[in-house]
Amino acid sequence: MQWTLLFLALLMGVVVWWLIRQTVNVKPWVAGANVDSVESEGIRSVVDMGGALRPSKVALGVFLAVVTSVFALFISAYSIRMEVGDWRPLPEPMLLWANTGILILCSVFLYGAWMAVKRNNVQGAKLGMTLGAVMTLVFMVGQLLAWDQLITSGYVISGNPANAFFYTLTALHAAHLIGGLIVLIIALQRLWNAEEFAPKVASSIELCGVYWHFLLAIWIILFSFLLNT
Amino acid sequence: MADVIHDAVDYVPPLVVEEEELYHAKTWLGKYVFCQDAKVIAIQYSCVAIGIGLVALGLSIAMRLQIAFPDTFAFIDPTNYLQFVTMHGMIMVIYLLTALFLGGFGNYMIPLMLGARDMVFPYVNMVSFWVYFAAVLILVASFFVPGGASGAGWTLYPPQAIMPGTPGTDGGIILMLLSLALFIVGFTMGGLNYVTTVLQQRTRGMSLMRMPLTIWAIFIATILALLAFPALLVSAIMMLLDRLLETSFFMPAIISAGGQTDYDGGSPVLFQHLFWFFGHPEVYIVALPAFGLVSEILSVHARKAIFGYRMMVWAIVAIGALSFIVWAHHMYVSGMNPYFGFFFATTTLIIAVPTAIKVYNWVLTLWRGNIKLTVPMLFAIGFIFTFINGGLTGLFLGNVTIDLPLSDTYFVVAHFHMVMAVSPVLVVFGAIYHWYPKITGRMFNDKLGRIHFWFTFVGSYAIYYPMHYLGLEGMPRRYFSYGDTEFISASSADLNVAISIAAIFVAASQIFFFWNMIHSLFKGEKADPNPWGATTLEWRTPQTPPGHGNFDELPLVYRWAYDYSVPGYEQDFIPQDVSPAEAEKMAKRVE
């Protein structure tokens, strides 16, 4: 469980540091207006929000913490199980390297889309998002091909815990990509016939980018664990 | 506020942009069924949770009947009994208490107490409830599939949870795991809402340290749940794969019914680690909201500021952080390195420190307060008793050497029912009575409420206090019947009869509660907007019950939530949205 605990310790550290900043030296029993509290709710233009956080961005941050928790637990279980003697690692198909490259491309395209939003370039954003979505699909097809190669060489899911972990982790990662893809496609559809960026769409594009970078990081961590067996 | 002179004390930061547009439902279905208003979602959550909780209550009565009068009731055989044990535990912990505290009270209290119009993502909030509802339906469906519901115990330990011989390994365990996964997905949607709303949607002037303790507790409990439920999700996914695709995450090589199974090399202890990594924070996911609600009730009805507000906040945070590093104290009997045992025993006992701080602060809040023994207050004080009782036995069980002989006996049953069943449920009742006038706009019947309290409180002691003795004698839990055993004295059978009769009385006395709630809904007298004289914002809404959007104009907050009996003021409470200038007018003229 050391990976989970490490992650949680980091997270707790951040939360406690933030709470200390917010709460120490505050005298709650003193009446009067408090200038530090949340100023308002409402929607500002996404680009010139400055340092202020939007609710959806906060929610995405919290959600990423939850997803990290899921993967950290799987990785913990994986590393606990790996130390037992009968662990028979499976060979990683070379295809996985290509897939990793494709996933990096997805992140780059979505980053390009967000840059286009900042420059108010609707066509550029459409292009970036479309390419990002297509490349994500290519990545998932690539993963399926990798599965196919392994299955034809006899590494089935019920064979060995190493196989079971490999299939489960890749499937879980792909499931998260599918969820992101749905949000991305909804945003793309809203943008398709629009002349300019609606605030919600602009926000979606930025958050999709963040989510893809995060899933890329998760994939690289998973891949390095899979390689290290 | 534009014409008010901005002196240092009265200054409120200006509203920078216009408010968010509220969603208004157009159809009947959108208004009452697929409603996006957090208050309606809260009531939906609560009703479903209490409904399924009644099923679990019925199961516990069936178990008590079997224990008291073995071989009397034809409808209880060993298979059924194990299924009752399993479903009772699972429903009570997850589908009732977690859903009721976070989905019910969380949804109702967070926007109102923070002075917000609604949750930040009302649509996601609505989906969260319906996913929860589907999870409940799937769980109930598992009673009716071939082989019946799972009988693996609520901890679902493999390998027995999915091996033939345990009840419900055909469909029951599959539906159970699916239902849990669905519950977690639904909860995550709700939890993202609660956390984001607390962080982003507080009204102007509502700084973190002015939030009522209820919100602090629900906020931290939600963070715990968001981080702990993934452990249950991970173990549910892995066990589901073990059951359906014959992977070997948790299943070691096993010989079953004379033949070698296909499983090889899994680790059952790995499941226990994952399960309790969720399971122990879960205790505090249920307990923390109870702590928060009870702080509110005690302060209001003792007409006194909560003692040590900042300490209370930090105790909540400390309990939350510590709850993640004590999980293996549920696994002492599974065997572990003695140094690990020592580590987990130490962390477990350290949790007693912030918990004791909270208990002292509750008692010191009562100390020399102007205590009004209303029905909610009775339940809140009752909670202090049962919680101290259950907490003290926790100190016994936290030690490895004492836990080993007491593990899996009725001592453990008594401990966790005192601390995690009776205590939170007393708070649930107290909180429902406390906020009933606001939620329904009518007063409940005071006499029935008192009868309900005394039956429930005294009855709970009659049930669980004797169980400590049974446990010390070594009576194991989860057994269908005991027969003749040397170390169990004959009189313990009589004690079991007494416990069962008390349990039936307590269960039956809940009729006072339900009758009171339903009858008062139609026939109760109209409630004052603020019958208890409370300071928090939910009592300051223009309508009672609060309308869609909660407030006409969003309130401005000038003070914390605990200005009760402030010296020099005639009225013994000053609501949070009363500015210092207005408060001056309330001050006593006679010096």
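The values are calculated or read from the model by the stated rules, or taken from the named source; none is laboratory data. Bear in mind the structure is a predicted one, so any value in this text is a computation, not a measurement. For neighbour counting, all protein chains shown are included, and Cβ atoms are generated from backbone atoms with ideal geometry for every residue, glycine included.
Within the stretch A:170-186, is even one residue within 14 Å of chain B (Cβ to nearest Cβ) and in a loop (DSSP other than H, G, I, E, B)? No, the conditions are met nowhere in the stretch A:170-186. In the stretch B:170-203, the residue that is surrounded by the most Cβ atoms within 10 Å (Cβ to Cβ) out of those that are facing chain A (nearest Cβ under 9 Å) and aliphatic (A, V, I, L, M) is B:Leu192. Against the conditions (1) within 11 Å of another protein chain (Cβ to nearest Cβ); (2) crowded, with 19+ Cβ neighbours inside 10 Å; (3) at pLDDT below 80, A:Val46 satisfies every one except (1).
Give just the number: which of (1) out of contact with any Leu (no Cβ under 8 Å at 6 or more places or on another chain); (2) within 14 Å of chain A (Cβ to nearest Cβ); (3) of a type outside the set (Val, Ile, Thr) does B:Pro338 not satisfy? Of the numbered conditions (1) out of contact with any Leu (no Cβ under 8 Å at 6 or more places or on another chain); (2) within 14 Å of chain A (Cβ to nearest Cβ); (3) of a type outside the set (Val, Ile, Thr), the odd one out for B:Pro338 is (2). Residues that are touching a residue at least 60 places away in the same chain (Cβ under 8 Å) and more than 9 Å from chain A (Cβ to nearest Cβ) within the stretch B:221-234 comprise B:Ala221, B:Thr222, B:Leu224, B:Ala225, listed in sequence order. For A:Leu177, the requirement of being surrounded by fewer than 19 Cβ atoms within 10 Å (Cβ to Cβ) and at pLDDT 95 or above is not met.
Given the conditions (1) within 13 Å of chain A (Cβ to nearest Cβ); (2) buried (at least 20 other Cβ atoms within 10 Å of the Cβ), report the number of the one that B:Phe513 does not fulfil. Only one criterion is unmet by B:Phe513, namely (1). The set of residues in the stretch B:545-572 that are of a type outside the set (Asp, Glu), more than 13 Å from chain A (Cβ to nearest Cβ) and in contact with a Ser or Thr (Cβ under 9 Å, 6 or more places away or on another chain) comprises B:Pro545, B:Gly547.
Could you list, in sequence order, all residues of the stretch A:85-106 that are within 11 Å of chain B (Cβ to nearest Cβ) and closer than 19 Å to A:Tyr167 by Cα? A:Asp86, A:Trp87, A:Arg88 - these are the residues of the stretch A:85-106 that are within 11 Å of chain B (Cβ to nearest Cβ) and closer than 19 Å to A:Tyr167 by Cα.
Being within 14 Å of chain B (Cβ to nearest Cβ) and in a helix (DSSP H, G or I) is a condition met by no residue of the stretch A:189-198. With respect to the conditions (1) crowded, with 24+ Cβ neighbours inside 10 Å; (2) facing chain A (nearest Cβ under 10 Å); (3) closer than 24 Å to B:Thr98 by Cβ, B:Met206 falls short on a single one, namely (3).
Looking at the stretch A:160-169, which of the residues that are more than 9 Å from chain B (Cβ to nearest Cβ) and either within 10 Å of A:Leu90 (Cβ to Cβ) or surrounded by fewer than 20 Cβ atoms within 10 Å (Cβ to Cβ) (or both) is modelled with the highest pLDDT? Going through the qualifying residues, I end up with A:Phe166. B:Ile319 satisfies every condition listed in (1) crowded, with 21+ Cβ neighbours inside 10 Å; (2) among the β-branched types (Val, Ile, Thr); (3) out of contact with any Leu (no Cβ under 8 Å at 6 or more places or on another chain) except (3). Out of the residues in the stretch B:242-253 that are closer than 28 Å to B:Pro230 by Cβ and more than 9 Å from chain A (Cβ to nearest Cβ), which is surrounded by the most Cβ atoms within 10 Å (Cβ to Cβ)? Filtering the stretch B:242-253 for residues that are closer than 28 Å to B:Pro230 by Cβ and more than 9 Å from chain A (Cβ to nearest Cβ), the one surrounded by the most Cβ atoms within 10 Å (Cβ to Cβ) comes out as B:Phe250.
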